[in-house]
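Enquirer: For reference, the structure I am asking about is given below.
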Amino acid sequence: MSDPLAQAAAAPTAHRVLLVDDQAMIGAAVRRLLADQPDIVYEFCQQSSAAMAAAEAFQPTVILQDLVMPGIDGLDMVRQFRGLPATADVPVIMLSAQEEPVVKARLLEAGANDYLVKLPDQVELVARIRVHSDAYRRLLERNAAFAALERSLAELKLEREKSERLLRNILPEQIADRLKNGASTIAESFRDVTVLFADLKGFTEFSQHVDAQHLVGLLDEIFSTFDHLAHAHGVEKIKTIGDAYMAVAGLPRS
């Protein structure tokens, strides 16, 4: 299934017009009206049952649709186009042999964008095709821009959360909060502060005789115990470096 947003990035400059009409004569007449327009690519579909597949394959920027077709009401056809992701926003210009205000109103309510009496004047037909096609392209470009912005914001949020987690892993929470809030220099003086540096004796030699999985598991068990004791006694863990553990007590938390 085609993605309308993907069309915005690589949309051709030509206006792509799909005509759905059960009369081959009308199809040939519209082809002649558009033949001398180099910026318009034309496709004709005579069977209403094939219209949805034709629209998905052709990817029109404007759909011209006959109001009265065998086996389907014009209102239902418009609703089908509006329910198909590939054509949900594609402008639909209805064609009819009669100009009835009540019918126009019903079609516009169903999702049609415009109404022309067939066979339309060439100048008017071409002008309306270009206006609606350009509007559709702008809609695709806007939607693509919004989608790109949403992706960028989501990626930015993930990176911000990742940076915040890293910051809180290496610094005390209150310091991390101050840095997050814009503080560039953090230098304070406190009395009666105790700093603990704990190092595992003989760790270097010991690590040469055990496998890595066992070593990491042992360090995790030891430092998890340190973390529990630090929390229980109100000691602030600063960080671990290899087999060393650094913590501080006596610093205010506010």
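Enquirer: Against the definition (among the hydrophobic types (A, V, I, L, M, F, W, C) and touching a residue at least 24 places away in the same chain (Cβ under 8 Å)), how does Leu75 come out, yes or no? Don't jump to the end; show me each part of the working.
Expert: Values: among the hydrophobic types (A, V, I, L, M, F, W, C): yes; touching a residue at least 24 places away in the same chain (Cβ under 8 Å): yes.
When the stated conditions are applied, Leu75 passes them.
Enquirer: Now, a different point. For region 204-218, how many residues meet the condition of being outside any helix (DSSP H, G or I) and either surrounded by 10 or more Cβ atoms within 10 Å (Cβ to Cβ) or in contact with a strand residue (DSSP E or B) (Cβ under 6 Å, 6 or more places away or on another chain) (or both)?
Expert: Going residue by residue through region 204-218, those that are outside any helix (DSSP H, G or I) are 208-211.
After this cut, where a residue has to be either surrounded by 10 or more Cβ atoms within 10 Å (Cβ to Cβ) or in contact with a strand residue (DSSP E or B) (Cβ under 6 Å, 6 or more places away or on another chain) (or both) as well, the list is 210.
Total meeting the criteria: 1.
Enquirer: Next up: Of the residues Glu173, Glu124, which is of a type in the set (Asp, Glu), open to solvent by less than 100 Å² (accessible area, probe 1.4 Å) and without any contact (Cβ under 8 Å) to a residue 40 or more places away in the chain?
Expert: Details: Glu173 fails: open to solvent by less than 100 Å² (accessible area, probe 1.4 Å).
Only one candidate passes the filter, namely Glu124.
Enquirer: Within the bounds of region 153-165, is there any residue that is open to solvent by 60 Å² or more (accessible area, probe 1.4 Å), under 23 Å from Val235 (Cα atoms) and part of a helix (DSSP H, G or I)? Reasoning before the result, please.
Expert: Within region 153-165, the first condition is being open to solvent by 60 Å² or more (accessible area, probe 1.4 Å), and the residues that meet it are 153, 155-163, 165.
Remaining after also requiring under 23 Å from Val235 (Cα atoms): 165.
When the remaining residues are screened for being part of a helix (DSSP H, G or I), the result is 165.
So far as region 153-165 goes, yes, one or more of its residues are open to solvent by 60 Å² or more (accessible area, probe 1.4 Å), under 23 Å from Val235 (Cα atoms) and part of a helix (DSSP H, G or I).
Enquirer: For residues that are touching a residue at least 12 places away in the same chain (Cβ under 8 Å) and either outside any loop (DSSP other than H, G, I, E, B) or on the phi < 0 side of the Ramachandran plot (or both), tally how many sit in region 219-234.
Expert: We begin by selecting, within region 219-234, every residue touching a residue at least 12 places away in the same chain (Cβ under 8 Å); these are 219, 222-223, 226, 230, 233-234.
Narrowing the set further to residues that are either outside any loop (DSSP other than H, G, I, E, B) or on the phi < 0 side of the Ramachandran plot (or both) leaves 219, 222-223, 226, 230, 233.
Looking only at that region, the number is 6.
Enquirer: Hey, Leu149 hits all of (1) touching a Ser or Thr at 6+ places or on another chain (Cβ under 7 Å); (2) of a type in the set (A, V, I, L, M); (3) over 30 Å from Ile40 (Cβ atoms) but one; which does it fall short on?
Expert: Of the numbered conditions (1) touching a Ser or Thr at 6+ places or on another chain (Cβ under 7 Å); (2) of a type in the set (A, V, I, L, M); (3) over 30 Å from Ile40 (Cβ atoms), the odd one out for Leu149 is (1).
Enquirer: So, restricting to helices (runs of 4 or more DSSP H) that lie completely within region 1-117, which ones have at least 1 residues that are surrounded by 19 or more Cβ atoms within 10 Å (Cβ to Cβ), in contact with a strand residue (DSSP E or B) (Cβ under 8 Å, 6 or more places away or on another chain) and modelled with pLDDT of 85 or more? So that I can check it myself, show each step before the final result.
Expert: On the way: elements: 4-10, 24-34, 51-58, 74-83, 101-110.
Once the helices (runs of 4 or more DSSP H) in region 1-117 are filtered for at least 1 residues that are surrounded by 19 or more Cβ atoms within 10 Å (Cβ to Cβ), in contact with a strand residue (DSSP E or B) (Cβ under 8 Å, 6 or more places away or on another chain) and modelled with pLDDT of 85 or more, what remains is 24-34, 51-58, 74-83.
Enquirer: Taking region 176-198 as the search range and keeping residues that are open to solvent by less than 100 Å² (accessible area, probe 1.4 Å) and part of a loop (DSSP other than H, G, I, E, B), which one is modelled with the highest pLDDT?
Expert: Our first condition is that a residue be open to solvent by less than 100 Å² (accessible area, probe 1.4 Å); within region 176-198, this holds for 176-179, 182-183, 186-187, 190, 193-196, 198.
When the remaining residues are screened for being part of a loop (DSSP other than H, G, I, E, B), the result is 182-183, 186-187, 190, 193.
Values: Gly182: 72, Ala183: 73, Ile186: 72, Ala187: 71, Phe190: 76, Val193: 86.
So the residue we want is Val193.
Enquirer: I would also like to ask the following. Looking only at residues in region 139-152 that are of a type outside the set (A, V, I, L, M, F, W, C) and in contact (Cβ under 8 Å) with a residue 12 or more places away in the chain, which one is most open to solvent (accessible area, probe 1.4 Å)? If you could, list the steps in order and put the result at the bottom.
Expert: From region 139-152, those of a type outside the set (A, V, I, L, M, F, W, C) are 141-143, 150-152; that's our starting set.
With the extra rule that they be in contact (Cβ under 8 Å) with a residue 12 or more places away in the chain, the set shrinks to 141, 143.
Details: Glu141: 104, Asn143: 43 Å².
Out of the qualifying residues, it is Glu141.
Enquirer: OK, next. Mind checking whether some residue in region 245-253 is open to solvent by less than 60 Å² (accessible area, probe 1.4 Å), modelled with pLDDT of 85 or more and over 18 Å from Leu171 (Cα atoms)?
Expert: no
The values are calculated or read from the model by the stated rules, or taken from the named source; none is laboratory data. Predicted model only: the values in this text are computed from it and were never measured. Backbone-built Cβ (ideal geometry, glycine too); neighbour counts: all protein chains shown. SASA here: full protein model, heavy atoms, side chains in, ligands and nucleic acids out. Shrake-Rupley method; radii C 1.70, N 1.55, O 1.52, S 1.80 Å.
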